[in-house]
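Asks: Here it is, the structure in full.
The values are calculated or read from the model by the stated rules, or taken from the named source; none is laboratory data. Since the structure is predicted, the reported quantities are computational estimates derived from the model, not experimental observations. When the accessible area is computed, the model is the full protein with side chains, heavy atoms only, and any ligands, DNA or RNA have been set aside. Shrake-Rupley method; radii C 1.70, N 1.55, O 1.52, S 1.80 Å.
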Amino acid sequence: MRLAQLEAVVESLLFIAGDAVPLSAIAQTIEMDKATAKAIVQSLADQYEAEQRGIRIVEFDGAYQMCTAAECFSYIRSMYRSPQRQGLTQSLLETLAIIAYKQPITKGQIEEIRGVSAEHAVSKLMEKKLVCEVGRLDAPGKPILLGTTDQFLRYFGFHSVQELPPLEKSTDQD
């Protein structure tokens, strides 16, 4: 298969998926190794960027997804007349930060850190699809372990959780 054909196939895979597609799935589908598949995806992404297209290909933790270009957002919002994305309250941001940096973590562990109930905050973050259940802790009651989602990465513009800024060291000297 020629490069143009491979690019067309990869482009169609990403378009139809509507969600992030792991590099391994792309490579398997086009019957190429991961390095070749990654080069094809990157070539497409570079073309979209260079041509200032309305679509971009972005990477999220080893998976790729088609998204609209950020500079087109105001036009898209205008067309659909959707209200601006509601921000996150201080409580939700605090809870989300704890989950992002300590994942996987239980609701009880979050409550220990924050000193208040995390029920509402965790429910809202799950509703917004910024966090999800990632497993169960092997402890009495098997509490749910929480972690961040690909939607979290997109919301904050990260490719992976490794890009989170480092936590500042506490300067308190009690």
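Asks: Considering only lysines 8 or more places apart in sequence, or on different chains, count the pairs in the chain whose C-alpha atoms sit under 23 Å apart.
Replies: 11
Asks: Continuing with the same structure: Please give the Cα centre distance for region 26-67 versus region 96-174, rounded to the nearest Å.
Replies: Taking the Cα centre of region 96-174 as reference, the centre of region 26-67 is 29 Å away.
Asks: Still on this structure, please answer the following. Classify region 108-150: rounded, prolate or oblate, from the alpha-carbon gyration tensor (a ≥ b ≥ c, eigenvalue square roots; a/c under 1.5 rounded; otherwise prolate if a/b is larger than b/c)? Don't jump to the answer; show the numbers that get you there.
Replies: Values: a/c = 2.21, a/b = 1.14, b/c = 1.94.
Because a/c hits 1.5 or more and a/b fails to exceed b/c, region 108-150 counts as oblate.
Asks: Rounded, prolate or oblate: pick one for region 115-174, where a ≥ b ≥ c are the square roots of the eigenvalues of its C-alpha gyration tensor, a/c under 1.5 means rounded, and failing that, prolate if a/b is larger than b/c, else oblate. Please list the in-between numbers first.
Replies: Details: a/c = 1.71, a/b = 1.10, b/c = 1.56.
Because a/c hits 1.5 or more and a/b fails to exceed b/c, region 115-174 counts as oblate.
Asks: Quick one: 3J(HN,Hα) in Hz for region 33-38, Karplus 6.51/-1.76/1.60 with θ = phi - 60°, rounded, Gly and Pro as x.
Replies: Computed from phi, the couplings for region 33-38 are 6, 4, 4, 5, 4, 5 Hz.
Asks: Stretch Met79-Arg114 to full length: gain in nm at 0.36 nm per residue minus the Cα-Cα span? All intermediate terms of the calculation are to be shown ahead of the outcome.
Replies: Numbers: separation 35, 0.36 × 35 = 12.60 nm, distance 4.07 nm.
Extra length from Met79 to Arg114 when fully extended: 8.5 nm.
Asks: For Val134 and Gln90, calculate 0.36 nm times their separation in residues minus their Cα-Cα distance, and state this gained length in nm to one decimal.
Replies: Working: separation 44, 0.36 × 44 = 15.84 nm, distance 2.40 nm.
Stretched fully, the Val134-Gln90 segment lengthens by 13.4 nm.
Asks: Residue by residue through region 64-69, which ³J(HN,Hα) values in whole Hz follow from phi under the Karplus form 6.51 cos²θ - 1.76 cosθ + 1.60 (θ = phi - 60°), with glycine and proline marked x?
Replies: Ordered by residue, 3J(HN,Hα) equals 10, 8, 7, 9, 6, 5 Hz.
Asks: Also, I was wondering about something else. Under the rule of at least 5 residues apart or a separate chain, name every residue whose amide H is placed under 5 Å from the amide H of Ala69.
Replies: Distant-sequence amide H within range of Ala69: Ile55, Arg56.
Asks: Please compute the per residue accessible area over region 72-137 with all protein chains in place, 1.4 Å probe, rounded to a whole number of Å².
Replies: Details: 4530 Å² over 66 residues.
That works out to 69 Å² for each residue.
Asks: Something else: For Arg114, tell me the accessible area in Å² from a 1.4 Å probe, rounded to the nearest 10.
Replies: Accessible surface of Arg114 is approximately 60 Å².
Asks: To one decimal place, what Kirkwood hydrodynamic radius in Å is obtained for the chain from all pairs of distinct Cα atoms?
Replies: Numbers: mean 1/r = 0.0535 Å⁻¹.
So the Kirkwood estimate lands at 18.7 Å.
Asks: Leaving ligands, DNA and RNA out of it, report the carbon-plus-sulfur percent of the accessible area of the chain at a 1.4 Å probe.
Replies: Carbon-and-sulfur percentage of accessible area, whole number: 53.
Asks: For Thr106, what residues show an amide H to amide H distance below 5 Å, using hydrogens built from the backbone and excluding near sequence neighbours?
Replies: HN-HN under 5 Å from Thr106: Leu146.
Asks: Each residue of region 140-153 in order: what ³J(HN,Hα) in whole Hz does its phi give by Karplus 6.51 cos²θ - 1.76 cosθ + 1.60, θ = phi - 60°, with x for Gly and Pro?
Replies: Coupling constants for region 140-153: x, x, 6, x, 5, 9, 10, x, 7, 10, 4, 4, 4, 4 Hz.
Asks: From the square roots a ≥ b ≥ c of the eigenvalues of the alpha-carbon gyration tensor of region 1-86, which class results: rounded (a/c under 1.5), prolate (a/b over b/c), or oblate? Mind showing how you got there, number by number?
Replies: On the way: a/c = 2.62, a/b = 1.98, b/c = 1.32.
Prolate.
Asks: Hey, another quick one. Using C-alpha positions alone, give me the convex hull volume of region 58-133 per residue in cubic angstrom. Mind dumping the intermediate values first?
Replies: Values: hull volume 9.5 nm³, N = 76.
About 125 Å³ per residue, rounded to a whole number.
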